[in-house]
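The values are calculated or read from the model by the stated rules, or taken from the named source; none is laboratory data. None of the values given here were measured: they were computed from a predicted structure. Positions of Cβ are backbone-derived with ideal geometry, glycine not excepted, and every protein chain shown enters the neighbour counts. These area figures cover heavy atoms from the full protein model, side chains too; ligands, DNA and RNA do not enter into them. Shrake-Rupley method; radii C 1.70, N 1.55, O 1.52, S 1.80 Å.
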Amino acid sequence: MAPLLQMTGITKRFPGVVACRDVSFAVEAGEIHGLLGENGAGKSTLVKILYGLVDPDEGRIEIDGREVRIRSPRHALALGVGMVHQHFMLVPTMTVAENVALGLRSDRPPLSRLRRVAAKVAELSQRYGFHIDPDQQVGELSVGLQQRVEILKLLCRGAELLVLDEPTAVLTPQEWQQLRGTMRSLADAGKAIVFISHKLDEQLSISDRCTVLRDGSVMGTVATAETDKASLARMMVGRDVVLRTERPPRAPGRPVLEVHGLHLNAAEDRCLLADISFTIAQGEIVGIAGVDGNGQRELVEVLMGIRTATTGTIRHEGETVTRLTPRRYNRIGAVIPEDRHRMAIALGLSVRENLVLKDFCRQPFSHRGITRPRVFRDFCASLLQEFDIRTPSLDVAMRQLSGGNQQKVVLAREMHRDPGLLIAAQPTRGLDVGAIEFVYRRLLEHRERGGATLLVSTELDEILSLADRIAVLVSGRFVALLENRDIDIQELGLLMGGASEMVAS
Amino acid sequence: MGPFDQATFSAAVLLTTPLLLAAIGELFSERAGVLNVGLEGMILMGAFGAYWGQWWTGNLWLGMVAGAAAGVALAAVMALLSITAQADQIVVGVGLNLLALGLTTFSFREVFGDRGEIVLDRMGTVRIPLLSRVPFVGEVLFSQTPATYLTWAIVAMTWFVLYRTTWGLGLRAVGELPAAADTAGINVALRRWQAVMVTGALAGLAGATLSIVRLGLFQENMSAGRGFLALAAVIFGRWKPLGIVGACFVLGGADALQLRLQAEPYVPAEVWLFIGLLGLAGAAWTLTRSRRRASVTTVGALLGLAAIGVTLRAMAPTWSFPPQLWLTLPFVVTLVALSGLAGSQAAPAAIAVQYRRERDV
Ligand SMILES: Nc1ncnc2c1ncn2[C@@H]1O[C@H](COP(=O)(O)OP(=O)(O)OP(=O)(O)O)[C@@H](O)[C@H]1O
Ligand SMILES: [Mg+2]
C-alpha cells in the first residue's frame, strides 16, 4: 500500500541558498514522523512546500499514491494536509469558535452558524481532552491552549496529516506532556503527524521515525526505537556534540547588579511583580526559573529600562540606576529579550543593519554622525563567522533567515562586546543542539571572565546546568532563592508549581 | 425648546443619512484592513453620477443606481492600486479625492455648463402608516424619504453580514490577521477587493442622497468634507455598526443644529443650557466608567463647563456669532470626540497594512 504522503526529489532554491536539495520523505498513516536538523537546514521550507506556502523548484508530491501539486493552503487542506505554524495563525480578538469557523465550509452558506461550530469544537475538545471553551477570546488563552485551538482548527477541517513546526518551543514542561498525550491519541486515531523539534528528548519520546536534514539534504531516516541522543545529534551536526556542560566552581566577586524590593503594578492595580530582591555578582549566573507568564517578561523589561518599577531600587556597581532607560541600560549591559520579533530585531532591515543596531552611533562605526560602511562590513563578517550565522549574504532581510539564525543574530549583537552585565531571556529558544552547545560555552566564558549574568529560562535543564543560584518566580514573586548545589529537577518543578519554601542564600 | 425642536431633529435625521451610508460603507473596507481615505471622492462621484444618471434616464431610482456605480468605479481604482499593486493606501486615497474633484467638476461643466441650472425631481417623503402618527418620534423618524429607510435597512444588514455570515467572518479576519485568513484558505486580496467595492457602492449612494434625493441638483465639491466626517464617525463608533449609528447621529445632529443656529440673531439661551447638561453628563460618565482612575482635571473641567453653561443660561446674554463659524460645529464635535478616544484599541489590527504571503506567513 502507498504511504499517506510521499515526497520525492524535492528541491527549493532561494537566492544564495538551496533550502532543500533532492529531499525524499514518506509518512505513513498513524505515524508520528520527527523532522530534525540544524538551524537553516530546510525543515520549515520543506513543510511549507507541503502546505502550499512555498512552490518547489523540482520534485513530486504524492498523497495516497496520487500525484498532486499543492498550490495554496486551501488546496492543502482540501487534500487533508493541515499545519500549525511556528507563529500561531489565530485572530486574538475573535473567539475560539470564530477562529475555527474561519474558512470552514458552513452547513448552510452564507450563514456562518457559529453555534454549530461551537458545538463541534466542544465535542472534539471533549473527545481529545482539550478543555477548550469555544466562546472564549483567543487572545486570553495561554500559549498551550492556543496551540490546541490550532489543532482543533485542523481537525474540524478533516485533516489526516498534521504538521507541527516547532510546537514545543514556547510550551512549559506540563504543556508539553499534554501535547504529547494529544499527539498520541491523534496518531492512535489514524492521523499522521509530522513533528519538528530541536529537542532530542522530545523526538525520542514521541516519534516513531525521524528524518534528519542537514544543509537541505536528507541525512537519513531512522526508527526512533533503534537510536539515541548522541547519534541523532551526530547525524544532524556532522560531529560529536557535548550534551552536558561542566560548570567549574568559582568564587563570586563584587556585586554588579543589586535589585531591592521591586514592585510593578499594572493598570487597575493588578500586581505583576512583588517584592523582588536579588544580587548578581561578578562571575555569577543567576537563573530565574518559572512557568512562562509569571512575571519573567516584566522583570526583564524593568531591568532593560522599558518599564519603570512602581517602587524599589536597582543599583549597578554601587550606583543607583532605578530610573533606567533603554539607552542607559545599553551602556551598562546587554540584553537578549525573550520576544525577539517584538523587541530585538527589525524584520524588514538587513542582517547587517540588525547586527549593528546597538553600535552604529558610536566610534568606530560612525564618525560625527556619518556611518562607515566598511567598518560595518568587516565587523559583521567576523560575527557571522564567530556565531555561525547561516545567511546567503549580509544584505538579505532579516525575515528571510530561519528562526534559529534570527536568534543567533541577536546573540551575536549582544554577546560580542563582553558586557559586564548580561540579561539573557530564553537564549536558546529555537536553536539546534550544536548552537545550544555554543551558547552555553559563551555564557560560561562570560562568567569565567567575571561577567554577571541573569538567565531567564523555562528550560529546567538549562537553569540547572548553568546557574550558580536559582530563583523561582511564581505569580510575580520569588518563592525561593537557592544555591544550585543539590537541587534536582523534581524539586524545582514542585516549587514552580507554587510550593513555597524560602531559603536564604 | 428654542432650537431643539422637532424641525431640528427631523433635519438631523435627514442630514445623518448620507453620513451614515458613507460611514457604514467605509466600515467594510476598514474591517478588511483597507483604510479608504478616498471616501470623500467616492461620495462626490456618487453625487455627480446620480445627477447625471437621473437627468439622462429621467428616473430617480436609475439615478441612484448610477450614483452607486460611479462610487464603485472610483473604488475599483482604489482597489487596483492599493490591493493589487500594493501602493500605499493613504497616498492612493488622497490622490483619488483630488481626481474625483477634478473629474466631477470638469464633467459637470462639460455636460451642463451651458444649460443653466436644471433642478430634477427630488425624492418625496413617505409617511409610514401608524408609526408616523406617534407624536414627535413619528414626525422625526417615520416621515422621511425612502432613501433614509433604505439606509437603516442597510445598517441592519451590515451587522448581519459582518457577524452572522462566513463572508463577514472572513472579512473581519482579513482585517485583523490576514495571514490567519490566508492559511485558513481565504483569498485575502479578493476579500479586500469585495469590501472596497461595497464601500464604493454605499459611498456612491451617499452622494446620491446629497444631490438628487435632497436637492435635485449637483454643485461642485458638494460633498464638502462629509467623507472625512464619515471616516471620523467610523473611529468614533469604534468600528462597530451600532457605534457608527450613534456617532453619525451626533455628527448629523451637530450639523442640523448649526444650520438652525445660523439663522438665529444671537445664541439662544437653550444652547447654554445644553452645554451645561453636556458637561454634567460627561462628568457623570467619566466618574461611573472608571471611578478609581478618573482624572481630577477631566472631571473638574467638565463640571466647570457645566457651571459656565448654567450661568450663561441664567444670564441669557445676547451674543451673536458669525454664521460661518457655526459651520465648523460638526468638525469641532469630531475633534473633541476623537481626542477623547485617543489611544483606543478597537481598530482592526491590520488596518492600512499590506499583506504579502511570503513576508507575513
Ligand atoms: N523566503 C525566503 N527567502 C530567502 N531565503 C529563505 C527564505 N525562507 C528561508 N530561506 C532560507 O532557506 C534556508 C532554510 O530555512 P528554513 O526556515 O527552512 O530552516 P529551518 O530548518 O526551519 O531552521 P530553524 O530550525 O532555524 O527554524 C535558510 O538558509 C533560510 O535563510
Ligand atoms: Mg524553522
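Data overview
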{"item": "Peptide A:96-103, shielding by other chains (average Cβ, 10 Å cutoff)", "result": "5"}
{"item": "Rg over Rh [alpha-carbon atoms, Kirkwood Rh] for the protein assembly as shown", "result": "1.03"}
{"item": "Ranked order, A:VAL256, B:VAL333 - accessible area, probe 1.4 Å, largest first", "result": "B:VAL333, A:VAL256"}
{"item": "Burial order of peptide ranges B:62-69, A:412-419, B:115-122 (average beta-carbon count within 10 Å, highest first)", "result": "B:62-69, A:412-419, B:115-122"}
{"item": "Global geometry of the range A:130-185, whether rounded, prolate or oblate, following the gyration tensor of its Cα atoms and the 1.5 cut on a/c", "result": "oblate"}
{"item": "Candidates B:LEU39, B:LEU80, B:LEU305, ranked by Gaussian network fluctuation over chain B, Cα under 10 Å, top entry", "result": "B:LEU305"}
{"item": "Reachable aspartates and glutamates from A:LYS191, criterion Cα separation under 16 angstrom, eight or more residues apart if same chain", "result": "A:GLU28, A:GLU31, A:ASP64, A:GLU150, A:GLU160, A:ASP208"}
{"item": "Computed label-point distance, nm, for sites A:GLU226 and B:LEU150 using a 7 Å Cα→Cβ extension", "result": "7.5"}
{"item": "A:GLU483, A:GLU301, ranked by accessible area, largest first (probe 1.4 Å)", "result": "A:GLU483, A:GLU301"}
{"item": "Relative compactness, the range A:5-237, computed as alpha-carbon Rg over 2.2 N^0.38 Å", "result": "1.01"}
{"item": "Three-way shape call for the range A:319-366 based on the alpha-carbon gyration tensor, with the a/c threshold at 1.5", "result": "oblate"}
{"item": "Three-way shape call for the range B:203-361 based on the alpha-carbon gyration tensor, with the a/c threshold at 1.5", "result": "oblate"}
{"item": "Furthest towards positive pole of dipole, A:VAL351, A:LEU232, A:GLY216, structure part the protein assembly as shown, Cβ charges", "result": "A:VAL351"}
{"item": "Ranked by how many other beta carbons lie within 10 Å on average, peptides A:436-445, B:207-216, A:379-388 from highest", "result": "B:207-216, A:436-445, A:379-388"}
{"item": "Shielding by partners - mean other protein chain Cβ count within 10 Å, residues of B:160-169", "result": "5"}
{"item": "Linear extension gain, A:SER185 paired with A:ILE370, 0.36 nm per residue minus alpha-carbon span", "result": "60.5 nm"}
{"item": "Protection-proxy order for peptides B:146-155, A:470-479, each taking the mean of Cβ atoms within 10 Å per residue, highest first", "result": "A:470-479, B:146-155"}
{"item": "Using a Förster distance of 22 Å, the FRET efficiency for B:VAL299-B:LEU325 (Cβ separation, nearest 0.05)", "result": "0.15"}
{"item": "The range A:1-143 pair-distance distribution - Cα-Cα, 5 Å bins, rounded %", "result": "2, 8, 15, 17, 16, 14, 13, 10, 5, 1"}
{"item": "A:ARG234-A:ASP292 pseudo-label distance in nm [points 7 Å out on the Cα-to-Cβ vector]", "result": "3.4"}
{"item": "Stretchable slack from A:ARG108 to A:GLU67, in nm (0.36 nm times residue separation minus alpha-carbon distance)", "result": "11.5 nm"}
{"item": "Helix axis angle, A:373-387 relative to chain A longest principal axis, alpha carbon, degrees", "result": "70"}
{"item": "Filter on A:LYS43/A:LYS120; A:LYS48/A:LYS199; A:LYS153/A:LYS229; A:LYS43/A:LYS153 - keep pairs with C-alpha separation over 28 Å", "result": "A:LYS43/A:LYS120; A:LYS153/A:LYS229"}
{"item": "Globularity index of the range B:266-319, i.e. its alpha-carbon radius of gyration over 2.2 N^0.38 Å", "result": "1.25"}
{"item": "Dipole magnitude (debye, nearest 20) for chain B, charges at Cβ of Lys, Arg, Asp, Glu", "result": "1040"}
{"item": "Globularity index of chain A, i.e. its alpha-carbon radius of gyration over 2.2 N^0.38 Å", "result": "1.02"}
{"item": "The range B:138-192 and the range A:369-428: distance between their alpha carbon centers, rounded to Å", "result": "46"}
{"item": "Mean ellipticity per residue at 222 nm, deg cm²/dmol - from DSSP H runs of n ≥ 4 across chain B, formula -39500 (n - 2.57)", "result": "-22500 deg cm²/dmol"}
{"item": "Degrees separating the helix A:173-188 axis from the principal Cα axis of chain A, which is the longest one", "result": "10"}
{"item": "Shielding by other protein chains, B:179-191, mean Cβ within 10 Å", "result": "6"}
{"item": "Listed residue (B:GLN144, B:GLY25, B:LEU242) projecting farthest to the positive dipole end of the protein assembly as shown, Cβ model", "result": "B:GLN144"}
{"item": "Apportionment of accessible area to carbon and sulfur, chain B, percent (1.4 Å)", "result": "69"}
{"item": "Partners for A:LYS358 among lysines (Cα-Cα distance below 29 Å; same-chain residues under 8 apart left out)", "result": "A:LYS408"}
{"item": "Those aspartates and glutamates that a straight Cα-Cα span of less than 14 Å connects to A:LYS12, excepting residues fewer than 8 apart in one chain", "result": "A:ASP22, A:ASP55, A:ASP57, A:GLU58, A:ASP215"}
{"item": "FRET efficiency, A:ARG247 to A:GLU491 (Cβ-Cβ, R0 25 Å, nearest 0.05)", "result": "0.85"}
{"item": "Carbon and sulfur %, accessible surface of chain A computed with the full protein complex present, 1.4 Å", "result": "49"}
{"item": "Lys, Arg +1 and Asp, Glu -1 on Cβ, resulting dipole of chain A about Cα centre, debye, nearest 20", "result": "1700"}
{"item": "Total accessible surface hidden between B and A, rounded to 100 Å², 1.4 Å probe", "result": "2200"}
{"item": "Nitroxide proxy distance, nm - points 7 Å out along Cα→Cβ at A:GLU448 and B:ARG289", "result": "6.0"}
{"item": "Dipole magnitude (debye, nearest 20) for the protein assembly as shown, charges at Cβ of Lys, Arg, Asp, Glu", "result": "1240"}
{"item": "Residue (of B:ALA314, B:PHE112, B:LEU169) at the positive-pole extreme of chain B, dipole from beta-carbon charges", "result": "B:LEU169"}
{"item": "Principal-axis tilt of helix A:143-156 within chain A, Cα atoms, nearest 10 degrees", "result": "10"}
{"item": "Solvent exposure of the protein assembly as shown as accessible area per residue, Å², 1.4 Å probe", "result": "44"}
